[in-house]
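Notes follow once the structure below has been shown.
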Amino acid sequence: MAMPPDSDDTDAEREITAQANAMKDQLRKDVASWSKARHDGGPGLPEGPAAPAPKPATAKPVARTARPAPAAAKPPVASGKPFRMSYSGSSTADYIKYMRDRGAK
């Protein structure tokens, strides 16, 4: 069973529907005019630039100054001892003895 609709609800719905239909009609007209203008090549749609864009004025090229040659790389000095591992403050010989005592080959 359907209840009788209130007059306020139907008037509001009708107004909303009428506004929606009016917007749809306007949109259809706009789309049709844009489509016609696009196909006919009408005014308002540029086909491309009328003239080439002007090139910016360039300044005179700056003369480059010669850079000084980099100094030749010096070979590393071989003085001093090579890198050594530290085994908790013990020497390499002590560490080898410790490892042998533990059974390492």
Is there any pair linking a residue in segment 76-105 that is of a type outside the set (Val, Ile, Thr) to one that is modelled with pLDDT of 85 or more, with Cβ under 6 Å and at least six apart or on different chains, and which? Tyr87/Tyr95
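Of these, Ala51, Ala93, Ala37, which one is in a loop (DSSP other than H, G, I, E, B) and either aliphatic (A, V, I, L, M) or at pLDDT 75 or above (or both)?
Every option except Ala51 fails the conditions.
The values are calculated or read from the model by the stated rules, or taken from the named source; none is laboratory data. Just so we're clear, the structure is a prediction, and the values are computed from it rather than from any experiment. Methodologically, a virtual Cβ is constructed for each residue, glycine included, from the backbone with ideal geometry; neighbour enumeration extends over all protein chains shown.
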